[in-house]
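Chemist: Below is one structure. I have some questions about it.
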Amino acid sequence: MRSFENRVAVVTGAASGIGRALALDLAGRGAHLAISDIDETGLEETRAKAEASGTRVTAERLDVADRDAFQAHAEQVMRDHGKVNLVINNAGVAVGATISELSHEDLRWLMGINYWGVVHGTQLFLPHLKASGDGHVVNISSVFGMIAVPGQAAYHSAKFAVRGFTECLRQELEIEASGVSATSVHPGGIRTNIARNARLSGELPGNASRDELNEQFERAARTTPERAAEIILRGVEKNKRRVLIGPEAYVIDWVQRLFPTGYQRLLVWAAKRGQNVPS
């Protein structure tokens, strides 16, 4: 996909953060948009901003964890736009808890959005992408789909799964020579509200409070959503298998390659000393 002009792009989690930035960037490049989010107020703001570019935008409240609702959304997008060329499964949430204190409810909630939302968006739109003859799936994983840190088991479970799901998808699409491709995206610290909106349960490793975690995230969040969107869309244009976002993503990728298990010792040492574990 060398150009986004007159292509139809589906973006979930478009009410804020990377999702909004992607929608606005795509609108500026001449793409037509089908955006969704559970936050109707934020979604309407994104729709209004995107329409200012003169492109066609449809917006729908959607819980990506609800497969029936997602199916209805996919059918509505096809009625509204007639085709789909790009699907970006971006919607995501966070839960901070040790495994012993992680509630089943919180785990199911996060997996429903972060993993099953990706599966639903991929499977339900894939036939339409193939029919277009020029399609691309972008699934947002994380640097936490490459390494693990204490207190983030739920998030890691989903993001590692998204990475594996997308890499398998890419291979299968290439075997089929379907005209559709796929990219797994691994952002580092992006200046969004995901950390502030995270659910926290019990005491986290290092005895970190919510305020301390938010402060820590703010220090690590060096990349703007707009810059992240630009990097993602460049990755689509270049048909990359994996897209890393932010300097910390490259450092983490390097560390994981050189010390695939050794990095864990450092994190354990830091937690035992009562320090905040890097995120």
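Chemist: Could you tell me whether the range 241-259 includes any residue that is at pLDDT 80 or above, surrounded by fewer than 13 Cβ atoms within 10 Å (Cβ to Cβ), part of a loop (DSSP other than H, G, I, E, B) and not hydroxyl-bearing (Ser, Thr, Tyr)? Can you show your working first?
Modeler: Kept after step one, since they are at pLDDT 80 or above, are these residues of the range 241-259: 241-259.
Restricting the remaining residues to those that are surrounded by fewer than 13 Cβ atoms within 10 Å (Cβ to Cβ) gives 247, 254, 257-258.
Imposing the further condition that a residue be part of a loop (DSSP other than H, G, I, E, B) reduces the set to none.
Within the range 241-259 (the criterion being at pLDDT 80 or above, surrounded by fewer than 13 Cβ atoms within 10 Å (Cβ to Cβ), part of a loop (DSSP other than H, G, I, E, B) and not hydroxyl-bearing (Ser, Thr, Tyr)), the answer is no, since none of the residues qualifies.
Chemist: Kindly indicate the residue of the range 221-257 that is more than 14 Å from the chain's Cα centre (by Cα) and of a type in the set (A, V, I, L, M, F, W, C) and also farthest from Asn85 (Cα to Cα) among those meeting that condition.
Modeler: Across the range 221-257, the extreme among qualifying residues is Val255.
Chemist: Here's something else I'd like to know. Out of Gly42, Gly30, which single residue is more than 15 Å from Ile88 (Cβ to Cβ), assigned to a helix (DSSP H, G or I) and touching a Ser or Thr at 6+ places or on another chain (Cβ under 7 Å)?
Modeler: Values: Gly30 fails: assigned to a helix (DSSP H, G or I).
Going through Gly42, Gly30 in turn, the sole match is Gly42.
Chemist: Further question on the same structure: Which one of these is within 24 Å of Gly188 (Cβ to Cβ), in a loop (DSSP other than H, G, I, E, B) and either of a type outside the set (Val, Ile, Thr) or under 13 Å from the mean Cα position of the chain (by Cα) (or both): Gly96, Gly92, Gly117? Let's see the steps before the verdict.
Modeler: Details: Gly96 fails: in a loop (DSSP other than H, G, I, E, B); Gly117 fails: in a loop (DSSP other than H, G, I, E, B).
Being within 24 Å of Gly188 (Cβ to Cβ), in a loop (DSSP other than H, G, I, E, B) and either of a type outside the set (Val, Ile, Thr) or under 13 Å from the mean Cα position of the chain (by Cα) (or both) holds for just one of Gly96, Gly92, Gly117, which is Gly92.
Chemist: Can you pull out every residue in the range 132-149 that is closer than 15 Å to Met1 by Cβ and not in a strand (DSSP E or B)?
Modeler: Keep residues of the range 132-149 that are closer than 15 Å to Met1 by Cβ, which gives 132-138.
Across the range 132-149, the qualifying residues are Ser132, Gly133, Asp134.
Chemist: Tally time: how many residues in the range 50-84 are on the phi < 0 side of the Ramachandran plot and over 22 Å from the mean Cα position of the chain (by Cα)?
Modeler: Within the range 50-84, the subset on the phi < 0 side of the Ramachandran plot is 50-53, 55-81, 83-84.
Now restrict to residues that are over 22 Å from the mean Cα position of the chain (by Cα): 51-53, 55-56, 75-76, 78-81, 83.
Within the range 50-84, residues that are on the phi < 0 side of the Ramachandran plot and over 22 Å from the mean Cα position of the chain (by Cα) number 12.
Chemist: Can you confirm whether Ala65 is part of a loop (DSSP other than H, G, I, E, B) and crowded, with 23+ Cβ neighbours inside 10 Å?
Modeler: Working: part of a loop (DSSP other than H, G, I, E, B): yes; crowded, with 23+ Cβ neighbours inside 10 Å: no.
Judged against the criteria, Ala65 is not a match.
Chemist: Another question, if that's okay. Might you let me know whether the range 112-121 holds any residue that is of a type in the set (A, V, I, L, M) and either surrounded by fewer than 22 Cβ atoms within 10 Å (Cβ to Cβ) or over 30 Å from Asn6 (Cβ atoms) (or both)?
Modeler: yes
Chemist: Have a look at Ala131, Ala177 and point out the one that is of a type in the set (Gly, Ala, Ser) and at pLDDT below 95.
Modeler: Details: Ala131 fails: at pLDDT below 95.
Just a single option satisfies the conditions, and that option is Ala177.
Chemist: Looking at (1) buried (at least 18 other Cβ atoms within 10 Å of the Cβ); (2) among the small types (Gly, Ala, Ser); (3) at pLDDT 95 or above, which is the only condition Ala72 fails?
Modeler: It fails just one condition, (1).
Chemist: Restricting the search to the range 75-111, which residues are of a type in the set (S, T, N, Q) and surrounded by fewer than 22 Cβ atoms within 10 Å (Cβ to Cβ)? Lay out the reasoning, then the answer.
Modeler: Initial filter on the range 75-111 (of a type in the set (S, T, N, Q)): 76, 85, 89-90, 98, 100, 103.
Correct list: Gln76, Thr98, Ser100, Ser103.
Residue by residue, here is whether (1) of a type in the set (S, T, N, Q); (2) more than 17 Å from Glu230 (Cα to Cα); (3) at pLDDT below 95; (4) surrounded by 24 or more Cβ atoms within 10 Å (Cβ to Cβ) holds:
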{"residue": "Ser3", "(1), (2), (3), (4)": "yes, no, yes, no"}
{"residue": "Val10", "(1), (2), (3), (4)": "no, no, no, yes"}
{"residue": "Ala27", "(1), (2), (3), (4)": "no, no, no, yes"}
{"residue": "Leu43", "(1), (2), (3), (4)": "no, yes, no, yes"}
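The values are calculated or read from the model by the stated rules, or taken from the named source; none is laboratory data. Note that the coordinates shown come from a computational prediction; the quantities given were computed from them, not determined experimentally. Methodologically, a virtual Cβ is constructed for each residue, glycine included, from the backbone with ideal geometry; neighbour enumeration extends over all protein chains shown.
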